[in-house]
Amino acid sequence: MEDNFLAMVVEEIQPNKFERSIKERKITDLSESDVIIQVHYSSLNYKDALSASGHKGITRKYPHTPGIDASGVVVNSKNLSFKEGDEVLVTGYDLGMNTSGGFGQYISVPASWVVKKPDGMTLREVMIYGTAGFTAGIGIYELQKHNIFPNSGKMLVTGATGGVGSLAVAMLAKAGYSVVCSTGKVDKSDYLKKLGASEVITRQEVNDKSGKPLLPKKWAGAIDTVGGNTLSTILKSAEQRGCVTCSGLVESPNFEINVYPFIIRGVSLIGIDSAERPMDIRLQIWENIQTVWRIDNIEDISKEVELDKLTSEIDIILAGNQVGRVLVKMR
């Protein structure tokens, strides 16, 4: 194990003014925990971009190394469940929030956060999925718990060109669903159809401002990644006993809704808390990702960058211009 390693470090250089740079850190800088992992890959998520910009609702104290995703190799373990050389991954929990994250070449984490890499998948592949794929997988898992299956009707995915959206489209299509995509990037229709979308619509088509308590039924289920009035519109236009999952807020964290979709149509709204999912559910989701939801054209979703090129990608995702996944090669 190396004594020194490279990491992105975000520092508060003045009150509410933050700076990102690549710095050398020491293994002893990491918090003492059960498992030390040499990180081979990470990935960029919206939460990472917020942490890297000084959002204290995500990260309380700086200097800090973001990165809520990491895959790599165990180099030291105090827990008998893991041994040196094991290929593993970590997504969520406190990684990259207030615990030094995957944008560093080493992490030190509790054993209860660590998942052994699914057989037949590479460290690179699991990070193309990462938290985004895991979140999309939880959405599908919850839809199926509410009896929304491929024969139930049309599935809507909003924010479809983003990380969670792209993977949700491809994973749903792989599972046999008919997927309709809503996006503000209609020039990416070919990209979405290549992932398996049957139809692409504009974001305006799911942003009703009429004030009506209910709208014509359209969607058996939906994976919403944007929140705001879009989420209200989806709920009002869901089919009888439809199910809508919510995992994002890029439009707005607030939305207005009445009770009619719930008491007249029996619609369910399910929040997706991917960071804190129990380990038994995590293992089930990753088992499905490596089997029934595994995407054939996963490389079409990803762009690989080195750590020193990551800061420009952070600016892109904050501007709402990310398409697909940004994979970060850490060594």
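Provide, in order from the shortest bin, the percent of all Cα-Cα pairs of segment 225-326 in each 5 Å bin, continuing until the bin that contains the maximum pair distance.
3, 10, 13, 14, 17, 19, 15, 6, 3, 1, 0
Packing-wise, with mean Cβ within 10 Å as the measure, how do 55-65, 105-115, 270-280, 122-132 rank, highest first?
122-132, 105-115, 55-65, 270-280
In the chain, if the dipole is taken from +1 on Lys/Arg beta carbons and -1 on Asp/Glu beta carbons about the Cα centre, which of Gly165, Met97, Pro278 is farthest to the positive end?
Of the listed residues, the answer is Gly165.
Which percent of the accessible heavy-atom area of segment 289-331 goes to carbon and sulfur, probe 1.4 angstrom?
49 percent
Remind me, what semi-axes does segment 194-259 give for its equivalent ellipsoid, largest first in whole Å, using sqrt of 5 times each Cα gyration tensor eigenvalue?
18, 15, 12
Accessible area per residue, 1.4 Å probe, Å², for the chain: what's the number?
About 43 Å² of surface per residue is accessible.
Is segment 2-45 best put as rounded, prolate or oblate by its Cα gyration tensor, with a ≥ b ≥ c the root eigenvalues, rounded for a/c under 1.5, and otherwise prolate when a/b is larger than b/c, oblate when not?
It comes out prolate by the Cα gyration axes.
Counting only other residues whose beta carbon sits under 12 Å from that of Glu11, what net charge do I get with K and R as +1, D and E as -1? Let's see the in-between values first.
Details: positive: Lys17, Arg20, Lys23, Lys61; negative: Glu12, Glu19.
Residues close to Glu11 contribute a combined charge of +2.
Take the alpha carbon gyration tensor of segment 37-161, find the square roots of its eigenvalues, order them as a ≥ b ≥ c, and report rounded if a/c is under 1.5; if not, report prolate when a/b exceeds b/c, else oblate.
oblate
Where does each of 9-22, 195-208 land if you order them by average Cβ count within 10 Å, highest first?
Per-residue Cβ counts within 10 Å, averaged per peptide and sorted highest first, yield 195-208, 9-22.
Cβ under 14 Å from His64's Cβ, His64 left aside: what net charge do those residues give with Lys, Arg +1 and Asp, Glu -1?
Here the count lands on +1.
Please report the relative contact order for segment 55-135, taking Cα pairs under 8 Å with a sequence separation of at least 6, and give it as a percent rounded to a whole number.
Result for segment 55-135 is 34 percent.
How high is the relative contact order of segment 117-205, given as a whole-number percent (alpha carbon pairs under 8 Å, six or more residues apart)?
24 percent
Only one of the listed values, (i) 40, 33, 21; (ii) 35, 21, 17; (iii) 27, 24, 20, was derived from the coordinates as semi-axes √(5λ) of the Cα gyration tensor in Å; which label is it?
Entry (ii).
Please state the relative contact order of the chain as a whole percent: Cα pairs under 8 Å, 6+ residues apart?
Dividing the mean separation by the residue count of the chain yields 17 percent.
Out of the total accessible area of segment 95-207 (probe 1.4 Å, heavy atoms of protein only), what percent is carbon and sulfur? Mind dumping the intermediate values first?
On the way: 1660 of 3640 Å².
Within segment 95-207, the accessible surface is 46 percent carbon and sulfur.
First select every other residue whose beta carbon is under 14 angstrom from the beta carbon of Gly228; then total the charges, Lys and Arg +1, Asp and Glu -1.
Computed value for this residue: -1.
Have a look at the DSSP beta bridges in the chain and tell me what percent are antiparallel, nearest 5.
On the way: 33 of 60 bridges.
Counting only bridges with both partners in the chain, antiparallel ones make up about 55 percent.
The values are calculated or read from the model by the stated rules, or taken from the named source; none is laboratory data. This is a predicted model, so every value here is computed, not measured. Counting neighbours? That spans all protein chains shown, and the Cβs are built from the backbone with ideal geometry, glycine included. Protein only, heavy atoms only, side chains kept; ligands, DNA and RNA dropped before computing areas. Shrake-Rupley method; radii C 1.70, N 1.55, O 1.52, S 1.80 Å.
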